[in-house]
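Below you'll find the structure, written out as structure tokens, and then a few comments.
The values are calculated or read from the model by the stated rules, or taken from the named source; none is laboratory data. Bear in mind that the values here come from a model prediction, so they are computed numbers and not experimental data. With ideal geometry, Cβ positions are generated from the backbone for all residues, glycine too; neighbour counts draw on all protein chains shown. Note: accessible area is taken over every heavy atom of the protein model, side chains too, but ligands, DNA and RNA are not part of it. Shrake-Rupley method; radii C 1.70, N 1.55, O 1.52, S 1.80 Å.
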Amino acid sequence: MTTPQAIQVSVLGWAPPIVHGLVRDLRVRWALEEAGWPYSEHVVNQAEQASAKYRELQPFGQVPAMQCDGLKLFESGAIVHYISERSPALMPDDPAARSQVTAWMFGALNSIEPPIMMLNVLDMIYQGPKGDEYNGLRAWVAGWVESRLDVLGGVLEGKEYVLGRFTAADVLLTTVLRILRDTDYVTKRSVLDAYQRRCEARPAFKKALKDHMASFEKHAPKT
Ligand SMILES: N[C@@H](CCC(=O)N[C@@H](CS)C(=O)NCC(=O)O)C(=O)O
């Protein structure tokens, strides 16, 4: 299969520093680095995010989006899946093994990311009253996060990567776990902690993160 040409990844020109290293273009950059596909950045500002032209690319006005060979793709999971279907670095050849990768990609985004995002919203974004009702909800969501992480930790026991070898599923699982970086939910689970460190030690991840951070630095408003 030929490598898609002229790949452009849409990234935010500005985001609050608290989310640098988390914004979801990181997943796409990482997958592209693992695949060895060169790409350029399409930096979007708030006005462009709201424009009809950009909404044709990303209906919700968000990032990431990817364009290549006349194709327009949005949703980080769909983009990583597109890349992985065309790259042996991210997906094995065997059909049954490929289905397992896809299952874990959906698992990362549909079963693990939702409670983690809910906790993140409650801890970092919600600005309302934090009385008994909030505390009850937060405790319930935290329990949901813990149970998902316990299952993932069990699956990863004795393995380097979720399916043995590195795949696109690890790109999504690792970047989902990163959302918890300001908590001890991952670090207190030695299997998950080691897994995340192992994945983030990969040269492709380091390059992706470096470029992601450099882009924020380059486009930060000058004071
Ligand atoms: N489910 C989408 C979520 C995309 C998303 O939440 N993007 C955020 C950055 S991580 C964004 O663009 N935020 C800016 C905004 O909504 O204006 C995906 O995985 O691509």
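So which residues in region 115-141 are in contact with a Leu (Cβ under 6 Å, 6 or more places away or on another chain) and surrounded by fewer than 20 Cβ atoms within 10 Å (Cβ to Cβ)?
138
Could you say whether any residue in region 158-174 is free of Cβ contacts under 8 Å to residues at least 60 places away in the same chain, hydroxyl-bearing (Ser, Thr, Tyr) and either in a loop (DSSP other than H, G, I, E, B) or not assigned by TED's automatic domain parsing to the domain that holds residue 100 (or both)?
No, region 158-174 has no match at all.
Quick check on region 4-49: of everything there that is of a type in the set (S, T, N, Q) and open to solvent by less than 60 Å² (accessible area, probe 1.4 Å), which residue is farthest from residue 212 (Cα to Cα)? Quick ask: steps written out before the conclusion?
Filtering region 4-49 for residues of a type in the set (S, T, N, Q) gives 5, 8, 10, 40, 45-46, 49.
Next, from what is left, pick out any that are open to solvent by less than 60 Å² (accessible area, probe 1.4 Å): 10, 40, 49.
On the way: 10: 11, 40: 12, 49: 18 Å.
Top of the filtered list is 49.
Table: residues versus (1) without any contact (Cβ under 8 Å) to a residue 12 or more places away in the chain; (2) aliphatic (A, V, I, L, M).
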| residue | (1), (2) |
| --- | --- |
| 24 | no, no |
| 47 | yes, yes |
| 57 | no, yes |
| 91 | no, yes |
| 99 | yes, no |
| 114 | yes, no |
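Identify all residues within region 59-75 that are within 15 Å of residue 33 (Cβ to Cβ) and either in contact with a Leu (Cβ under 8 Å, 6 or more places away or on another chain) or away from the ligand (no atom under 16 Å from the Cβ) (or both); write none if there are none.
Of everything in region 59-75, just one residue is within 15 Å of residue 33 (Cβ to Cβ) and either in contact with a Leu (Cβ under 8 Å, 6 or more places away or on another chain) or away from the ligand (no atom under 16 Å from the Cβ) (or both), namely 66.
Can you find a residue that is free of Cβ contacts under 8 Å to residues at least 24 places away in the same chain, open to solvent by 80 Å² or more (accessible area, probe 1.4 Å) and over 29 Å from residue 32 (Cα atoms) anywhere in region 185-196?
Yes, because at least one residue in region 185-196 is free of Cβ contacts under 8 Å to residues at least 24 places away in the same chain, open to solvent by 80 Å² or more (accessible area, probe 1.4 Å) and over 29 Å from residue 32 (Cα atoms).
Can you give me the number of residues within region 12-22 that are within 9 Å of the ligand (Cβ to nearest atom) and either in contact (Cβ under 8 Å) with a residue 60 or more places away in the chain or part of a strand (DSSP E or B) (or both)?
First, the residues of region 12-22 that are within 9 Å of the ligand (Cβ to nearest atom): 12, 15, 19, 22.
Then drop every residue that is not either in contact (Cβ under 8 Å) with a residue 60 or more places away in the chain or part of a strand (DSSP E or B) (or both), which leaves 12, 15, 22.
Qualifying residue count, region 12-22: 3.
For residue 54, which of the numbered conditions (1) modelled with pLDDT of 95 or more; (2) surrounded by fewer than 17 Cβ atoms within 10 Å (Cβ to Cβ); (3) farther than 23 Å from residue 209 by Cα fails to hold?
Tallying (1) modelled with pLDDT of 95 or more; (2) surrounded by fewer than 17 Cβ atoms within 10 Å (Cβ to Cβ); (3) farther than 23 Å from residue 209 by Cα, residue 54 fails exactly one: (2).
Listed residues 61, 70; which is loosely packed, with under 13 Cβ neighbours inside 10 Å and without any contact (Cβ under 8 Å) to a residue 60 or more places away in the chain?
Working: 61 fails: loosely packed, with under 13 Cβ neighbours inside 10 Å.
Of the residues listed, the single one that is loosely packed, with under 13 Cβ neighbours inside 10 Å and without any contact (Cβ under 8 Å) to a residue 60 or more places away in the chain is 70.
Taking region 76-114 as the search range and keeping residues that are surrounded by fewer than 18 Cβ atoms within 10 Å (Cβ to Cβ) and within 13 Å of the ligand (Cβ to nearest atom), which one is farthest from residue 143 (Cα to Cα)?
Across region 76-114, the extreme among qualifying residues is 78.
Confirm whether residue 171 is modelled with pLDDT of 95 or more and touching a Gly at 6+ places or on another chain (Cβ under 6 Å). First the steps, then the outcome.
Working: modelled with pLDDT of 95 or more: yes; touching a Gly at 6+ places or on another chain (Cβ under 6 Å): no.
Criteria not met by residue 171.
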